[in-house]
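Encoded as structure tokens, the structure appears first; notes follow it.
The values are calculated or read from the model by the stated rules, or taken from the named source; none is laboratory data. This is a predicted model, so every value here is computed, not measured. Don't worry about glycine lacking a Cβ; one is built from the backbone with ideal geometry, like all the others, and counts go over all protein chains shown.
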Amino acid sequence: MNVPPRKRNGWAIFWGVLAMLYFFVPLYGTLDFSLRMKRGELSLMAYEIVLSDPRFWESFRYSAVMAVITIAVSALIFVPTVYWMHLRAPQARPLVELIAILPFIIPTIVYVFGLIRTFSRPPLQLTLTPLTTDVLIVAGYVVVSMPYMFRAVDIGMRTIDVRTLTEAAQSLGSNWFRVLADVIFPNLRLALLSGALICFATVMGELILASFLVRPALGPYMQLLGLTKAYEPAALAIISYALTWLSLGLIQFFSRSAASQQLTGR
Amino acid sequence: MNVVLPITLRSTERRRLIWNWVGLLPFFAFILFFFIIPSFNLFTGAFLNRSGAFTLENVAVFRNPNVIRAYLTSLQVSFLTAALGGAFGFFVAYSVTIGGAPRWMRSVIMTFSGLAANFGGVPLAFAFIATLGRTGFLTALLKSICLPGPQGEQVCPFNPYDYGFNLYSLGGLVLAYLYFQFPLMVLTITPAIEGLRREWREAADSLGASGLQYWRDVALPVLTPSILGAALLLFSNSFGAYATAQALTGGNIPLVTIFIGQQIRGDVLGNPHEGYALALGMVIIMAITIAAYGVLQRQTSRWIRA
């Protein structure tokens, strides 16, 4: 080897250190900044202000409730669909896969434009009342998180032997509903958990749908705070970091231990 | 084979085929209602005039100087973050795979890439304001130490804002986007770099090739489709982004996404149908990018399959 290994190692460390600096400096800077609300000392004042703001909790609660509904609706739509696709209609896979990545091609801002144009006028005016707007926003969240949810369920379905499980359940007298509810869903719980967590992180941080459908979610609240305050946004960013990374960290943790916990495996 | 089957069997076969699709109906109904129809409405709207008749006049929106500027800015930001994030991400991925960086560094970088690639939106803007804003952590730190100025003289304190740096500008936006762009590159390109076979390197070495020659004649040509594909992914990732730019600059940087947002709120173009054309233009660029990515990805998978 003509290039001495030590030199290559040096460059590798240089780029690695640079990457870690890029990861950690903004994190540390934000943390430091969020603690400096009181002049000359470190304090948790910015956090206290954010956490004692009732509007923070209202928007947090709203987003959390929407996230839970989104997860439930996503699971109810995608598990039967992917199950059916694996079992009976593998020829539908290219089409379903194409649809599942469409939200990457149509930016959310364009998508919300279409939603508003379609559902803010007759025959189906959903933006008139808060409740129907919430129906619309959940549908929007389901679409926006579809690429992740679909992938999670699809990968989960691949690790279990759908056909054998179905035939076994049917030979014991289960109908389709029982097969899905008692056999497929429990077997997919890890895949669903990772899909649910990424759904949760997506909905909690989402700005565009909530902002343009004018619902009191966490994203618009954060944006408003950013316009008027200096230290509280930094505290919120740290809280949001922690929340997102807790969700994603849990996914990594669970998917690592997934192999040993599957009920069946090929 | 179908030709020799009796007709009766073929019709049951067909009935079975239709039944197979029935299970997918709830999914297709949901998607049709909440995704296809809204998108379709937008696209047909781009080709209608105010009275609802077909027209191509809305394409005139692309002669509007503000719209041209928005598209050019968006393309510029996407291109810059794809190129810079792609190059940086590639070097980082190389370092932690075959470059010989310590093992602990690899696990830290891979974990944080997975996290940072998913981090964006309003909190990312806040983080960069707190770090590199006028009173941010790093700005304050730089102000308190001495650095050489542009003419070589010692400047104490060194305030980056006196030397043309501004976080609330296009350059600042690029810095913020890179926070999720280069980790995405690391995640996308790592499997390709790991797919480089050891034998190729050994073969090149035994034929007397230098490290440079190996990279120029063997590794890079093999990796080129993967690198281009990943860069396209980064490009589309930044092209559709809205929240970070909105929160960082309050809509001062004229990106297409920001422009569409203003159009939704207040019809700044004075013609809703031109707004639809504006949005359609974006989708076309995204579709071309993603399709090209798919093609390149397929080409790559031939090499990666070991």
Problem set entry | Residue that is nearest to the other protein chains (Cβ to nearest Cβ), among those in the stretch B:102-123 that are farther than 15 Å from residue A:22 by Cβ and without any contact (Cβ under 8 Å) to a residue 60 or more places away in the chain | B:123
Exercise. Considering the stretch A:76-115 alone, what residues qualify as being of a type in the set (Gly, Ala, Ser) and buried (at least 20 other Cβ atoms within 10 Å of the Cβ)?
Worked result: A:100, A:114
For this session: Take residue A:73 and decide whether it is modelled with pLDDT under 95 and β-branched (Val, Ile, Thr).
Result: no
Exercise. Among all residue pairs at least 6 apart or on different chains, which show Cβ distances below 6 Å where the first residue, located in the stretch B:223-252, is outside any helix (DSSP H, G or I) and the second is at pLDDT 90 or above?
Worked result: B:240/A:107; B:242/A:109; B:242/A:208; B:242/B:257; B:251/B:258
Exercise. Residue B:77: under 16 Å from residue B:231 (Cβ atoms) and assigned to a helix (DSSP H, G or I), yes or no?
Worked result: yes
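Taking the stretch A:186-208 only, how many residues are more than 14 Å from the chain's Cα centre (by Cα) and closer than 22 Å to residue A:66 by Cβ?
Count: 1.
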Exercise. Can you tell me how many residues in the stretch A:132-150 are touching a residue at least 60 places away in the same chain (Cβ under 8 Å), within 18 Å of residue B:241 (Cβ to Cβ) and at the interface with chain B (Cβ under 8 Å from one of its Cβ atoms)?
Worked result: 1
Seminar exercise, completed: Within the stretch B:92-101, restricting to residues that are assigned to a helix (DSSP H, G or I) and farther than 30 Å from residue A:243 by Cβ, the one that is nearest to the other protein chains (Cβ to nearest Cβ) is B:95
Exercise. Of these, A:210, A:169, which one is part of a helix (DSSP H, G or I) and either among the charged types (D, E, K, R) or over 20 Å from residue A:146 (Cα atoms) (or both)?
Worked result: A:169
Exercise. Failed condition for residue B:275, given (1) within 20 Å of residue A:101 (Cβ to Cβ); (2) at pLDDT 85 or above, with all others met?
Worked result: (1)
Problem set entry | Residue check, residue A:160 touching a Phe, Trp or Tyr at 6+ places or on another chain (Cβ under 7 Å), crowded, with 16+ Cβ neighbours inside 10 Å and either at pLDDT below 90 or among the hydroxyl-bearing types (Ser, Thr, Tyr) (or both) | no
Exercise. Under 30 Å from residue A:203 (Cβ atoms), more than 8 Å from chain A (Cβ to nearest Cβ), in a helix (DSSP H, G or I) and not hydroxyl-bearing (Ser, Thr, Tyr), is that true of residue B:89?
Worked result: yes
Exercise. Which one is farthest from the other protein chains (Cβ to nearest Cβ), of the residues in the stretch B:255-268 that are surrounded by fewer than 21 Cβ atoms within 10 Å (Cβ to Cβ) and not in a helix (DSSP H, G or I)?
Worked result: B:268
Exercise. Quick one: what pairs do we get from the stretch B:2-23, first residue at negative phi, second assigned to a helix (DSSP H, G or I) and modelled with pLDDT under 55, C-beta under 8 Å, 6+ apart or different chains?
Worked result: B:10/B:2
Exercise. So residue A:3 clears everything in (1) at pLDDT below 90; (2) more than 7 Å from chain B (Cβ to nearest Cβ); (3) more than 23 Å from the chain's Cα centre (by Cα) except one condition, right? Which one?
Worked result: (2)
Exercise. Does the stretch A:121-131 contain at least one residue that is modelled with pLDDT under 95, within 11 Å of chain B (Cβ to nearest Cβ) and either closer than 29 Å to residue A:179 by Cβ or in a helix (DSSP H, G or I) (or both)?
Worked result: no
Problem set entry | Qualifying positions in the stretch A:205-242 - of a type in the set (A, V, I, L, M, F, W, C), within 14 Å of residue B:123 (Cβ to Cβ) and at pLDDT below 90 | A:242
For this session: Look at the stretch B:269-302 and say how many of its residues are more than 10 Å from chain A (Cβ to nearest Cβ), more than 23 Å from residue B:235 (Cα to Cα) and of a type outside the set (A, V, I, L, M, F, W, C).
Result: 5
Exercise. Mind checking which residues of the stretch B:25-75 are aliphatic (A, V, I, L, M) and without any contact (Cβ under 8 Å) to a residue 24 or more places away in the chain?
Worked result: B:25, B:29, B:31, B:32, B:36, B:37, B:53, B:56, B:68, B:72
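Among B:97, B:81, which is the only one that is closer than 30 Å to residue B:215 by Cβ, hydroxyl-bearing (Ser, Thr, Tyr) and modelled with pLDDT of 95 or more?
B:81
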Exercise. Considering A:249, A:265, which residue is part of a helix (DSSP H, G or I), modelled with pLDDT under 80 and more than 16 Å from residue A:59 (Cβ to Cβ)?
Worked result: A:249
Seminar exercise, completed: The condition of being more than 10 Å from chain B (Cβ to nearest Cβ) and either among the hydroxyl-bearing types (Ser, Thr, Tyr) or in a loop (DSSP other than H, G, I, E, B) (or both) holds, among A:164, A:118, A:81, only for A:164
